[in-house]
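**Student:** Would you mind keeping the following structure in view while I ask a few things?
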Amino acid sequence: MSYPSTLKSASKVAIQGEPGSNSHVAAIDAMSLQHPGLGIEIVPCTLAAEACEAVQSGAVDFAVIPIENSLHGSVAEHLDLLLTHDLVVTGEFLLRIRHSVIAAPGVALADIRQILSHPVALSQCRRWLRAHPGITAIPFYDTAGSVKHVLKENLRDSAGIAPALAATQYDAHILVAGIEDHPNNYTRFLTLVSAPAPAPFAANKLSIAFSLDHRPGTLLSALSAFASAGLNLTKIESRPVHGRPWEYIFFVDLRFEDSAAVERALADLRPHTQMLRELGRYPAA
């Protein structure tokens, strides 16, 4: 499963966040790898839910949304979107997160008294912020949005923390590059479509979601289905079932070399589940 069957010369790609955000960077890089030569038009959305709805309605061709960060774990509400929307995962992309201090042209670091960014970005730059006690960190709705705000309001004592692309997007100036605390800071993005077609690259990863009967040993039996088929689980995570306290849905990612092994595992798993949904088969990043 992969790209929509009727790709245009330029496809619309919905992202969460403003132009110049990490999602914007990921969408450009993911599309260039997953479908080389395809022209894209970025469609920014305030929420990931809006991006998913745009794909499901046919307003855009793809959505690229963050699903997991190597430091902060999964984006729980985005896992939920995979079940509440009729979409298919067709690819994944790992983006190295780099944060820069970005201000209006002509503004120097010594001029900065406050710095704006998304709370997660601020938390990932604590070491640099501690080293600059004269600068007050202010949470903002978006990384690139902070730079957009600084430039639009012509704030000469403020800067944003955002990807370098935001400086290009808003004709801003990078004061300090690479202020993130951890160099091994990666976010995993998923590419979503509503009309899957044969994949241009061989799939070797599967994402599924399932809920289990309330019987002793059902989770063990479910996991045994994968082990018996020789499949390597790369992730398992539980999310509460909305409206049914203390019941959970399990999200599982696994790697495979033989699709027949996947079919055997799913057949063995199905009798133990109340719900089983295949979210997508795609090439691993």
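**Student:** Look through Arg98, Arg113, Arg130 and report the one residue that is basic (Lys, Arg) and touching a residue at least 60 places away in the same chain (Cβ under 8 Å).
**Tutor:** Arg98
**Student:** Let me ask something else. If a residue has to be of a type in the set (A, V, I, L, M) and closer than 30 Å to Ala103 by Cα to count, how many in region 160-218 make the cut?
**Tutor:** Kept after step one, since they are of a type in the set (A, V, I, L, M), are these residues of region 160-218: 161-162, 164-167, 172, 174-177, 179, 190, 192-193, 195, 197, 199, 202-203, 206, 208-209, 212.
So of that shortlist, the ones also closer than 30 Å to Ala103 by Cα come out as 161-162, 164-167, 172, 174-177, 179.
So the answer is 12.
**Student:** Part of a loop (DSSP other than H, G, I, E, B) and either under 17 Å from the mean Cα position of the chain (by Cα) or not acidic (Asp, Glu) (or both): is that true of Gly20 in this structure?
**Tutor:** Considered against the rule, which asks whether it is part of a loop (DSSP other than H, G, I, E, B) and either under 17 Å from the mean Cα position of the chain (by Cα) or not acidic (Asp, Glu) (or both), Gly20 comes out as yes.
**Student:** Output the residue which, of all residues in region 227-255 that are among the aliphatic types (A, V, I, L, M) and touching a Ser or Thr at 6+ places or on another chain (Cβ under 9 Å), is modelled with the lowest pLDDT.
**Tutor:** The selected residue is Val241.
**Student:** So is Arg264 free of Cβ contacts under 8 Å to residues at least 60 places away in the same chain and either under 17 Å from Ala203 (Cβ atoms) or touching a helix residue (DSSP H, G or I) at 6+ places or on another chain (Cβ under 6 Å) (or both) or not?
**Tutor:** yes
**Student:** In region 256-265, which residues are under 26 Å from the mean Cα position of the chain (by Cα) and either surrounded by 20 or more Cβ atoms within 10 Å (Cβ to Cβ) or at pLDDT 95 or above (or both)?
**Tutor:** Within region 256-265, Phe256, Val262 meet the criteria.
**Student:** For region 188-200, check the following and say yes or no: at least one residue is assigned to a strand (DSSP E or B) and within 30 Å of Ala131 (Cβ to Cβ).
**Tutor:** Pass one, region 188-200, residues assigned to a strand (DSSP E or B): 188-193.
Next cut, within 30 Å of Ala131 (Cβ to Cβ) only: 188.
Within region 188-200, one or more residues are assigned to a strand (DSSP E or B) and within 30 Å of Ala131 (Cβ to Cβ).
**Student:** Search region 113-160 for residues being modelled with pLDDT under 95 and of a type in the set (Ser, Thr, Tyr), and hand back the single one that is nearest to His24 (Cα to Cα).
**Tutor:** Tyr141
The values are calculated or read from the model by the stated rules, or taken from the named source; none is laboratory data. In this text, all values refer to a predicted model and were calculated from it rather than measured experimentally. Methodologically, a virtual Cβ is constructed for each residue, glycine included, from the backbone with ideal geometry; neighbour enumeration extends over all protein chains shown.
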